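Below is one structure, written out as structure tokens; the observations come after it.
The values are calculated or read from the model by the stated rules, or taken from the named source; none is laboratory data. Quick caveat: nothing in here was measured; it's all calculated off a predicted structure. Quick reminder, even Gly has a Cβ in these numbers, built from the backbone with ideal geometry, and neighbours come from all protein chains shown. Areas reflect the complete protein model, heavy atoms only, side chains present, ligands, DNA and RNA absent. Shrake-Rupley method; radii C 1.70, N 1.55, O 1.52, S 1.80 Å.
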Amino acid sequence: MTAEFIKSVADLRTYEADVAAIGKPEIAVAGRSNVGKSSFINMLAMRKGLAKTSSTPGRTRLLNLFDFGSFVLVDLPGYGYAKAPKSEIRRWSELTDGYFGASTRLVHTLALVDIRHEPSELDKRMVSYLYDSGKPFTVIATKADKLSKAACGRAKAAVASALRIGREDVIVTSAADRTGRDEVFSRINAVLDAFRRG
């Protein structure tokens with residue numbers, strides 16, 4: 001599998017036209033600013049610079065589309081970056097909300113949280129939205145390399161409890177050593193198989 005960057009989308013009014021020709025199911029990646037979305041995408045692709053990483057939160061300000069062969073991965077703008085201008089935060093939020101409302105190809109969302117911290121109110125709100133709107137999702141707990149194995153187990157249980165989901169709906173990952181990559185793809189492949197079966 002070779003993942004490729006397709007394009008960035010700034011305006012939802014052109015979104016359908018932008019993706020219509022691609023015609024593949026979409027997997028969205030959502031998460032707060034600085035949760036490690038770009039590193040996570042690069043880990044999945046096994047390509048260091050596919051998604052641009054930055055030490056500055058809030059870098060992703062557009063819908064970034066990546067072709068993963070059997071699906072398109074949609075990198076959503078990070079939420080919760082308080083230092084951005086309010087108008088910019090509102091625009092990112094509108095782009096994310098609009099995407100969830102507009103996409104007819106979304107089959108699953110990977111909701112990223114930092115395993116080192118209890119999920120924030122914004123994380124809880126995102127998961128509640130996905131749950132209440134009936135959009136299938138899996139929680140991805142990033143940065144597992146920062147904790148011991150025992151601490152990861154406890155943190156995974158704490159994440160599941162805080163988000164009121166089952167432990168089996170949380171996949172622990174690390175971009176540094178590719179922990180969880182196979183498990184993430186197993187989940188994605190199961191989703192795509194179910195989608196193809198209708």
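Restricted to the range 4-50, and to residues there that are within 21 Å of N189 (Cβ to Cβ) and of a type in the set (G, A, S), the residue that is most open to solvent (accessible area, probe 1.4 Å) is G23. For residues that are within 11 Å of V35 (Cβ to Cβ) and either acidic (D, E) or touching an Asp or Glu at 6+ places or on another chain (Cβ under 6 Å) (or both), scanning just the range 73-125, find the one that is modelled with the lowest pLDDT. Checking each candidate, the answer is D123.
Residue selection: S128 satisfies the criterion of being closer than 30 Å to E16 by Cα, modelled with pLDDT of 90 or more, in a helix (DSSP H, G or I) and of a type in the set (S, T, Y). Comparison of G134, G153, G166 shows that the only residue that is on the phi > 0 side of the Ramachandran plot and free of Cβ contacts under 8 Å to residues at least 60 places away in the same chain is G134. Scanning the range 137-150 for residues that are aliphatic (A, V, I, L, M), in contact (Cβ under 8 Å) with a residue 24 or more places away in the chain and not in a loop (DSSP other than H, G, I, E, B) turns up V139, I140, A141, A144. When you check K146 against the structure, is it surrounded by fewer than 17 Cβ atoms within 10 Å (Cβ to Cβ) and under 20 Å from N42 (Cα atoms), yes or no? For K146, the condition - surrounded by fewer than 17 Cβ atoms within 10 Å (Cβ to Cβ) and under 20 Å from N42 (Cα atoms) - is met.
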